[in-house]
Amino acid sequence: MAKLDRRAFLRASAMIAVGAMAASCSQPTPEVIEKEVEKVVKETVVVEKEVEKVVTVTAAPRKYVEPPILAGLVTAGQLPPVEERLPDEPMVLKPLESIGKYGGTLRTINDGTTTNWLTNSAYEKMLRWSVDSTTIEPNIVKQWEIGDGGKVFTLYLRKGMKWSDGAPFTADDVLFLFNDVWGNKELTPSYPTYMAIKGVPVVAEKLDDYTVRLTFAAPHGFCLNYLAYYDLYHRPAHYLKQFHAGYVDKAKLDAMVKEAGLETWMALYGQKDDWYSHRNPDLPVVMAWYPTSEAGSTLYIFKRNPYYWKVDTDGNQLPYIDEVHVSLVQDAEVLRLQTLAGKSDLGDRRLEFDTYTLLKENEDKGGYRVLLWDNPRGAVPAIMPNLTVKDPFLRTMIRDDRFRQALSHAINRPQINEIVFSGMGEPRQATCSTMSPGFKPEYASAFADYDPAKANALLDEMGLTKRGSDGFRLGPNGETLFLLIETPGEEPAEISQLELVAQQWKEVGVNTDLQPSERAQFRNRLAAGEVSIGMWQLDYVYQIFMPTFTVPLSGSCYWCPDFGLWYSSGGKSGEEPTGDIRQLQLIWDELQEQTDSAKQIEMAQQLWDLHMKHCWMIGIVGHVPRPVVVNKKIRNIPEKAIYSWTEGQYLGPARMEQLYYES
């Protein structure tokens, strides 16, 4: 088989259906059927009185219908009737287009040795974002109350809801995570920051079997946002307690640890509570499908959850599709080839925009359609000069605003957009999304115009006037100023852009090279202070509540990891920031306690105003549409959606449970 390298995907000259790409399609949205509410509390809550309540009493159908594959098990006495498997108030979902048909297997592909498809694409959080990623909606939590000025959140679960093994899902499953997992120093040395305010962890209490109260030390302006994001906020306590030191006799637990070939009970617990990658098929779930494959499989099979707690408007228990098969392949190239061959019914992984032309050319042959979802990433990627790099000379250079501004002016963004993305992206600075609350046009234009003369003038102003015989600028020690852009090397379009950036920086006298590696190595070098110029996709900038790259709160802020480490460690490690970088942290400390949405936006603008002033990160192109490949027979898939990690974990807006195959 001929090698399909990244250059093959950059066939801009063969671009087809540009008009179709640019066209914006509107469509209906899957909706949760609810009765009228007293007051809707959206993703940013304004607390106007002591307690505000969202009443979301679902109008359930009079009669429920179950899939034929389960009806047979009921008849055989191997499964309770559907009425006994559903909660008292199942979530009623109106399908995007039409009531679906039962049956079929959804095939998808992942590169690597594990898959997180179930947790990401078919996730079930306590709350969830709407398909358009603007509003927080009920999910496992059917309604909530907010009191004491935003300090107290009372969550109401669905009575009668069950895990995939038929065990009751109750408040005990929520408290087990908050108190026994996160609250156990051996399992979780540091309590999750998103469930703590002023460094004080939340207090989680069980009011009854289906009511949980979360109490914070101060108002938490983003509690609901976090309940709709990433972690599940629950664990099957009835299963996991048998591996927890707080519930099992030490001698018995030690024997289990030894039998598993492990050294600590924490390692055993982590192996059993593999909630993200689902390599333990015995771990119960509340998703539409449950895992059946052992760790090390090359094909992960997920089967219909007979206790799934959602129905459509006709009373049909969801999901429509019987099984999901995730094939694991060795690398991204094989994944793309198999996608082109029609072996994936729904795929987005490793399908960056530079694959679009080839994907479109093979639509009929592969039996799929290519959708283009809106991508709110502020930069794909953002270049992140490391202000805390170990090298003293480079650290001095990089901390000078003029140096970063010069590098930014040296980039020909429109040219890169045309070459790599056929003009379909947006040349812009690394900043929040155009769709973000509080976005200002000047954020995207700051230091983003292509001006080599300005770049040269700024570098000269810094004293970097001497050049070697090769034309490259020299440092004070007489050696060539050299920058190495390091990247995890995961996306071909990243490499293509950064190769062009390196050449353009050379044109203003800064010798530059590119070094792709892999994710773990890249992060290890960052943590060690060895990366001078890093990069990452600028996620977490659509909504306000995820400041990963906006504010240095941890070592994951790649443009100044040591400043973030100082913050997360309470000053015990890392380097204390000063000036406007410290101001970012102080603004965030106040912002996360704000419950007024207008004030939240105003303070978020203060953060981005400082970024605009200093140019801490350097953007190239942003808002590049994301190709999503879908089998032509699949229905209820949105033609347009927001392709975002924080709001939908990429494919979440598809609402997997309501997809079906039209025969």
The stretch 149-173 - residue that is within 21 Å of Pro291 (Cα to Cα) and not acidic (Asp, Glu) and, of those, surrounded by the most Cβ atoms within 10 Å (Cβ to Cβ):
Phe169
Screening Glu590, Glu602 for residues that are of a type in the set (D, E, K, R), in a helix (DSSP H, G or I), surrounded by fewer than 17 Cβ atoms within 10 Å (Cβ to Cβ) and in contact with a helix residue (DSSP H, G or I) (Cβ under 7 Å, 6 or more places away or on another chain) leaves only Glu590
Say whether the condition of being within 27 Å of Glu83 (Cβ to Cβ), surrounded by 18 or more Cβ atoms within 10 Å (Cβ to Cβ) and acidic (Asp, Glu) is met by at least one residue in the stretch 267-283.
no
A careful count of residues in the stretch 419-447 that are touching a Cys at 6+ places or on another chain (Cβ under 9 Å) and within 21 Å of Ala502 (Cα to Cα) gives 4
Tell me which of these Gly221 doesn't satisfy, since it passes every other one: (1) modelled with pLDDT under 95; (2) crowded, with 19+ Cβ neighbours inside 10 Å.
(1)
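Among the residues of the stretch 628-641, is any of a type outside the set (Lys, Arg) and either within 17 Å of Ser436 (Cα to Cα) or in a helix (DSSP H, G or I) (or both)?
Looking for residues that are of a type outside the set (Lys, Arg) and either within 17 Å of Ser436 (Cα to Cα) or in a helix (DSSP H, G or I) (or both), one finds at least one in the stretch 628-641, hence yes.
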Scanning the stretch 112-139 for residues that are part of a loop (DSSP other than H, G, I, E, B) and among the aliphatic types (A, V, I, L, M), which turns out modelled with the highest pLDDT?
Met126
How many residues, within the stretch 203-260, are part of a loop (DSSP other than H, G, I, E, B), more than 26 Å from the chain's Cα centre (by Cα) and within 24 Å of Asn116 (Cβ to Cβ)?
2
Criterion first (in contact with a helix residue (DSSP H, G or I) (Cβ under 7 Å, 6 or more places away or on another chain), in contact (Cβ under 8 Å) with a residue 24 or more places away in the chain and on the phi < 0 side of the Ramachandran plot) does Thr355 satisfy it?
yes
So the check is Cβ under 6 Å with 6+ separation or different chains; which pairs have a first residue in the stretch 120-131 that's assigned by TED's automatic domain parsing to the domain that holds Tyr210 and β-branched (Val, Ile, Thr) and a second one that's crowded, with 23+ Cβ neighbours inside 10 Å and not in a loop (DSSP other than H, G, I, E, B)?
Val131/Pro653
If Lys303 satisfies every condition in (1) of a type in the set (D, E, K, R); (2) in contact with a Phe, Trp or Tyr (Cβ under 8 Å, 6 or more places away or on another chain); (3) closer than 30 Å to Leu586 by Cα but one, which is the exception?
(3)
Would it be correct to say that Gln429 is in a loop (DSSP other than H, G, I, E, B) and modelled with pLDDT of 95 or more?
yes
Only one of (1) at pLDDT 95 or above; (2) surrounded by 18 or more Cβ atoms within 10 Å (Cβ to Cβ); (3) within 22 Å of Thr646 (Cα to Cα) fails for Trp616. Which number is that?
(3)
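Just checking, does the stretch 425-439 include any residue being under 24 Å from Gly579 (Cβ atoms) and in contact with a Leu (Cβ under 7 Å, 6 or more places away or on another chain)? Before you say what the answer is, go through the steps one by one.
Going through the stretch 425-439, the residues under 24 Å from Gly579 (Cβ atoms) turn out to be 429-432, 438.
Narrowing further to those that are in contact with a Leu (Cβ under 7 Å, 6 or more places away or on another chain): 430.
Yes, some residue in the stretch 425-439 is under 24 Å from Gly579 (Cβ atoms) and in contact with a Leu (Cβ under 7 Å, 6 or more places away or on another chain).
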Can you name every residue in the stretch 272-312 that is of a type in the set (D, E, K, R), at pLDDT 95 or above and either outside any loop (DSSP other than H, G, I, E, B) or more than 24 Å from the chain's Cα centre (by Cα) (or both)?
Lys272, Asp282, Lys303, Arg304, Lys310, Asp312
Tell me the residue from Leu79, Leu157 that is aliphatic (A, V, I, L, M) and either assigned by TED's automatic domain parsing to the domain that holds Glu593 or touching a Leu at 6+ places or on another chain (Cβ under 8 Å) (or both), please.
Leu79
Can you tell me which of Glu479, Glu491, Glu461, Glu486 is over 22 Å from Gln415 (Cβ atoms) and under 27 Å from the mean Cα position of the chain (by Cα)?
Glu486
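Going through the stretch 140-156 one residue at a time, which ones are assigned to a strand (DSSP E or B) and touching a helix residue (DSSP H, G or I) at 6+ places or on another chain (Cβ under 9 Å)? Break it down into steps so the answer makes sense when it comes.
Initial filter on the stretch 140-156 (assigned to a strand (DSSP E or B)): 143-147, 152-156.
Trp144, Ile146, Phe153, Leu155, listed by residue number.
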Long-range neighbours under 6 Å by Cβ, at least six apart or interchain, first residue within 14 Å of Trp616 (Cβ to Cβ) within the stretch 549-574, second aliphatic (A, V, I, L, M) and not in a helix (DSSP H, G or I):
Tyr558/Met384; Trp559/Met384; Trp559/Met617; Cys560/Leu387; Gly564/Leu553
Name the single residue, out of those in the stretch 178-194 being modelled with pLDDT of 95 or more and farther than 14 Å from Met266 by Cα, that is surrounded by the fewest Cβ atoms within 10 Å (Cβ to Cβ).
Asn179
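State yes or no: is Tyr102 among the aromatic types (Phe, Trp, Tyr) and farther than 22 Å from Leu177 by Cα?
In short, yes.
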Evaluate the stretch 571-584: report whether one residue or more is in a loop (DSSP other than H, G, I, E, B), among the hydrophobic types (A, V, I, L, M, F, W, C), surrounded by 23 or more Cβ atoms within 10 Å (Cβ to Cβ) and out of contact with any Gly (no Cβ under 8 Å at 6 or more places or on another chain).
no
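The values are calculated or read from the model by the stated rules, or taken from the named source; none is laboratory data. As the structure is a prediction and not an experimental result, all values here were calculated from the model. Don't worry about glycine lacking a Cβ; one is built from the backbone with ideal geometry, like all the others, and counts go over all protein chains shown.
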